[in-house]
Every structure is written in structure tokens, then in C-alpha cells.
Amino acid sequence: MEFLDPQQFLSNADADMAKTEEIRLTQFSHGGGCGCKIAPAVLSEMLARLPAGFSPPELLIGTQTSDDAAVYRLNDQQALIATTDFFMPIVDDPFDFGRIAAANALSDVYAMGGSPILALALVGMPIDKLPLEVIAQVLEGGASMCREAGIPMAGGHSIDSVEPIYGLAAMGLAHPERVKSNAGARPGDVLILGKPLGVGVLSAALKSGRLDKAGYSAMIAVTTQLNRVGVKLGLRDDVHAMTDVTGFGLLGHLLELCRGSACCAELAFEALPVIEVARGLAQEGIKTGASKRNWSSYGGEVELCDAAPWQQVLLTDPQTSGGLLVACAPEAAKDVLALFHAQGYTSATEVGRLRGWEPGAGVRVVVREQHAI
């Protein structure tokens with residue numbers, strides 16, 4: 001692993017400190033955050049072309065159900081969760097970029113119901129364009145999030161690249177029988193979303209110079225909140241499935257869960273938690289290019305009932321380090337919500353329900369006044 005830690009960069013960066021205030025990380029990238037992800041339809045076509053690989057019985061979860069991580073049984077009590085996630089800058093502040101990217105990568109472990117145990121940094125930086133101080137701050141931001149998660153940054157790999165890229169390879173552990181995948185949901189399950197939508201809209205506003213300090217603060221608060229509630233949710237038998245909402249938007253990741261579990265879903269738009277600043281910006285027409293790509297990929301599987309264009313934007317909005325989407329038994333919904341709220345996820349809300357599979361159906365979004373489904 002050829003990797004320089006933050007302190008190595010910092011020790012060589014004194015001469016660059018005056019330059020850092022002039023640097024806007026987003027100017028070096030064509031996209032940002034999870035909005036950089038390849039469109040769902042394109043990704044599906046790419047994966048379909050892959051030859052069948054070796055799949056030992058110990059591999060509990062691979063690529064078949066579009067889950068957030070791979071899971072490998074180590075023994076009767078432990079399964080290894082392995083994942084990786086990286087992207088280009090979603091914000092200009094290098095420390096915040098590192099924190100967001102790390103929180104986003106660790107979220108995949110939490111979404112499987114696991115506890116992270118270590119991480120490796122994945123770093124690609126235009127060394128001839130970015131001062132070493134800036135790069136060091138990105139690395140320190142990621143390391144600080146790992147410390148918050150209680151795990152070591154145990155190494156990594158770095159390359160000289162055209163655009164700034166940062167993320168983690170993360171590993172975690174869970175009991176083999178308590179892993180939460182996209183395939184475990186059941187008809188009648190209640191859907192609960194742990195964080196508010198709108199991160200992609202805020203990132204688009206930031207890049208166009210239309211995001212104020214309050215909006216930026218809201219964006220950072222959401223994207224740097226670790227989804228560690230997933231550890232406790234993973235211990236509950238009445239939580240049947242989990243995923244985290246990231247680059248494909250709420251609809252895209254819900255559809256993955258529906259396909260994996262052979263279910264359909266109904267959402268009430270007014271029940272969805274939304275960052276208020278993002279709601280206003282979406283109504284003004286602010287959106288990301290990824291939102292359009294997402295809808296083009298899976299819009300044929302979605303029925304929107306009286307939804308306005310800005311509502312469609314929020315439903316397809318790419319979330320970077322977004323919330324957990326949980327499918328649980330109806331009788332457990334109150335307790336699951338209480339657990340979210342007790343852990344500091346104040347926006348967690350019941351947003352919909354699952355029903356039995358219907359050919360040609362996927363997700364139906366209802367726009368009405370009452371919040372209940």
C-alpha cells in the first residue's frame with residue numbers, strides 16, 4: 001500500500017499555506033459527490049456483460065441484489081463486510097470533503113447492519129495543481145471521521161490523477177444471520193428514511209454560487225452524520241432490509257430494494273423529510289445533471305401521481321452520505337423511529353409501505369396532504 005498519511009503531507013506543506021484560500025476544489029472536477037456515479041441503466045448494462053465469477057458458499061452477498069457491500073462468512077458468529085466508495089469533490093473546503101467522503105463510504109457497512117473495524121484511504125490528486133496543504137486537509141478530514149467511528153485508518157493507496165478523488169475501502173463485521181440486505185424486505189413492511197433529502201440540490205447550488213451559509217451548514221450537518229444507527233438496527237429481527245440512499249436517489253435505491261425482495265412500494269411525498277433550503281432551491285429549478293440521468297434510467301418503473309417537476313427532482317436527487325432506508329415490520333415502526341430519534345436522526349420519518357410484487361410495477365409516489373400511507 002503506497003500511501004502518505006496526513007502528517008507527511010503537512011510537514012512538507014508550509015510554503016503552500018498561503019495558496020489554500022484561493023483553491024476551490026470543485027473547479028477541478030466535472031461532477032461531485034455521489035452525483036459522479038455512473039447512471040443506473042449504464043451500470044446495469046456494464047455488470048450484465050461481466051462473466052460469471054467464482055462464488056464460494058461463504059460469499060453470502062455478492063452482486064446479485066445490488067447491495068451496498070459484499071458479505072463473506074468467516075465462521076458461525078462472524079461475517080466480513082467489505083465495500084469501497086470514492087468520488088470527486090462535492091464542496092470546496094478540503095477538510096469537509098474528506099469528512100463527507102469518509103462518512104459516505106462507512107455508510108455502506110452500517111447499511112448492512114455491520115460495525116466498521118478499519119478503513120483504507122483511496123486518494124487520487126492532481127499533484128501539480130493542488131498545494132500539499134490542501135491534500136493533507138482532505139486526508140485529515142477522512143481520518144477524523146474514522147476516529148469518530150472508532151476505527152483506524154490503516155493505510156491506503158494514492159495516485160497522481162487529473163481530478164481530485166478521495167474515498168475509503170471499509171471493512172466491518174456482523175453476525176451472518178443478522179446481515180441486512182436488499183433481499184429481506186416483505187410485503188406490508190413500513191419504510192423509514194433516516195435523513196432528509198436534498199443534498200444534490202444543495203451541491204448544485206454551491207457550484208453555481210447560489211448556496212448561502214445556512215444552506216452550506218445544513219448540507220454539512222447531513223453529510224457528515226454517520227449512519228451508525230445501522231449497528232443497532234442490524235440486531236433487530238423485525239428490521240428486514242436496509243440500504244443507504246446515495247447517488248441513485250431515493251427512487252433508485254428503493255427500486256433496488258424492491259427488486260431484491262420482489263416487492264413494490266408506495267411513497268407519500270409529503271411524508272418525505274427534505275432539507276428546507278433544498279426544497280426552496282428545487283422549486284426555483286436548481287438540480288443536478290445526475291437527477292436527470294437517474295430518471296432516464298428507472299423512470300419507466302415509477303408512477304408519479306400529480307407530482308410537480310421539483311418534486312421529481314427531489315425524488316431522483318443524488319444523495320451523498322444520505323440516510324438509511326429501512327424496511328421493518330409494521331408493529332416495529334414506532335420502536336424503529338424512536339431508535340432513530342434517540343440516536344440523533346431527528347428527521348427520521350415513516351415514508352411509505354411495501355406491497356406484493358406486481359408485474360411491470362415498481363414504485364408509486366402519491367402527492368397528497370396527509371402524511372399517512
Looking across region 112-139 at residues that are over 20 Å from Arg228 (Cβ atoms) and of a type outside the set (A, V, I, L, M, F, W, C), the single one that is most open to solvent (accessible area, probe 1.4 Å) is Asp128
Filtering region 187-206 for residues that are over 20 Å from the mean Cα position of the chain (by Cα) and more than 17 Å from Asp335 (Cβ to Cβ) leaves a count of 1
Checked against (1) more than 26 Å from Ser208 (Cα to Cα); (2) modelled with pLDDT under 95; (3) open to solvent by less than 30 Å² (accessible area, probe 1.4 Å), Thr288 satisfies every condition except (1)
Filtering region 309-353 down to residues that are crowded, with 24+ Cβ neighbours inside 10 Å, in a loop (DSSP other than H, G, I, E, B) and not hydroxyl-bearing (Ser, Thr, Tyr) yields Asp317, Pro318, Gln319, Gly322, Gly323, Ala348
Of the residues in region 154-173, those that are open to solvent by 10 Å² or more (accessible area, probe 1.4 Å) and either assigned to a loop (DSSP other than H, G, I, E, B) or closer than 26 Å to Thr346 by Cβ (or both) number 3
Of the conditions (1) open to solvent by 30 Å² or more (accessible area, probe 1.4 Å); (2) on the phi < 0 side of the Ramachandran plot; (3) part of a loop (DSSP other than H, G, I, E, B), the single one that Glu148 does not satisfy is (3)
Checked region 258-285 for anything of a type in the set (Val, Ile, Thr) and crowded, with 21+ Cβ neighbours inside 10 Å; matches are Ile275
If we keep only residues of region 186-205 that are assigned to a loop (DSSP other than H, G, I, E, B) and not small (Gly, Ala, Ser), then the residue surrounded by the fewest Cβ atoms within 10 Å (Cβ to Cβ) is Pro187
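The values are calculated or read from the model by the stated rules, or taken from the named source; none is laboratory data. In this text, all values refer to a predicted model and were calculated from it rather than measured experimentally. Positions of Cβ are backbone-derived with ideal geometry, glycine not excepted, and every protein chain shown enters the neighbour counts. Quick note on the areas: whole protein, heavy atoms, side chains included, nothing else; ligands and nucleic acids left out. Shrake-Rupley method; radii C 1.70, N 1.55, O 1.52, S 1.80 Å.
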